[in-house]
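First the structure, in the form of structure tokens, and then the observations on it.
Read the figures in this text as sums done on the coordinates, not as results from a lab. The model shown is predicted, which means the values in this text are computed figures rather than measured ones. Don't worry about glycine lacking a Cβ; one is built from the backbone with ideal geometry, like all the others, and counts go over all protein chains shown.
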Amino acid sequence: MNKEKIAILVDSGSDIPKEIIEKYNMYVAPLNIIYKDREYVDGVDIQSEEVYARLKDEIPSTSLPSGSTIQALFDEIKASGYEKVLAVTISSGLSGTYNIIRMLGKEQKDLEVFVLDTKNITIGSGFNAIQAAEYIKEGMGWDTLIRTLSENIDNSKVFFTVSTLEYLQKGGRIGLVASVLGGRLNLKPIISCNEDGIYYTAAKIIGEKRAFNRALNMAVDYIGDTKKYNIGIVHAAAKDQANKIKEELISKLPDYNILVEGKVSGALGVHTGPGAIGIVVQKL
């Protein structure tokens, strides 16, 4: 049921799997990955595996979707008969995507556009769009939808570990994560997003295995006594380890509403590097 003809627009940094995008007919604004010799469109003409494989030769930069790309999406949405657009973006503290969609949204004459700054990253952002799709399916009205999502953005949390801080540093996404953590005593930071949507160190753990366990426990503790929740696991070229953590996550949080698993997009993987694993939870 979508009586108010609401379309959902997300960016590729939300890491929503293709099957969910298709299930809810979401539209995707892809970020760009820029190498010295060419610019690629994230998830369209370059996939995350290729980005990780090329990191040893070159660390590319990234950029937000172009204005022409976003306008083309608005035009497509309007042509498909929608009258309103809910755009859900990764944190404005980490990307300019929120601002450019918001600015172009104001210029649309035949579309009412609301842009939700999730203050989050990867599926921690994407869960907001998935839940919005569920609300729309249930018949929630536009005004209530906007209010509910805005009130609940703090209910999603991501805890991720990286093999090295090199890529966050070189990409300028280090945020509040201390750059000295990586090399000393095999000290591994568990990284999350604060209330401003900036990376910060949620914990400092010695050893990779202990870091995974702490991140898992932090996610479980965050859910606490909440009866209804979503869980997710994403990885950057670390499928086997992610699968092990997923099994543990399910064993500790078995009553989830939705489980999302997948890869970190190439545009985000540029900054995390291979080996990153993110555990994501959302209270409903």
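For (1) within 16 Å of L9 (Cβ to Cβ); (2) of a type in the set (S, T, N, Q), each residue gets a yes or a no:
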| site | (1), (2) |
| --- | --- |
| Q47 | no, yes |
| L55 | no, no |
| S68 | yes, yes |
| Y82 | yes, no |
| N99 | yes, yes |
Counting residues that are crowded, with 21+ Cβ neighbours inside 10 Å, which strands (runs of 3 or more DSSP E) fully inside segment 37-100 reach at least 3?
84-89
Out of all the residues in segment 257-270, which are surrounded by 24 or more Cβ atoms within 10 Å (Cβ to Cβ) and either among the β-branched types (V, I, T) or not in a loop (DSSP other than H, G, I, E, B) (or both)?
V264, G266, A267, L268, G269, V270
Within segment 207-228, is there a residue that is closer than 22 Å to G275 by Cβ, of a type in the set (A, V, I, L, M, F, W, C) and assigned to a strand (DSSP E or B)?
no
Options Y27, Y35: the member that is over 16 Å from the mean Cα position of the chain (by Cα) and not basic (K, R)
Y35
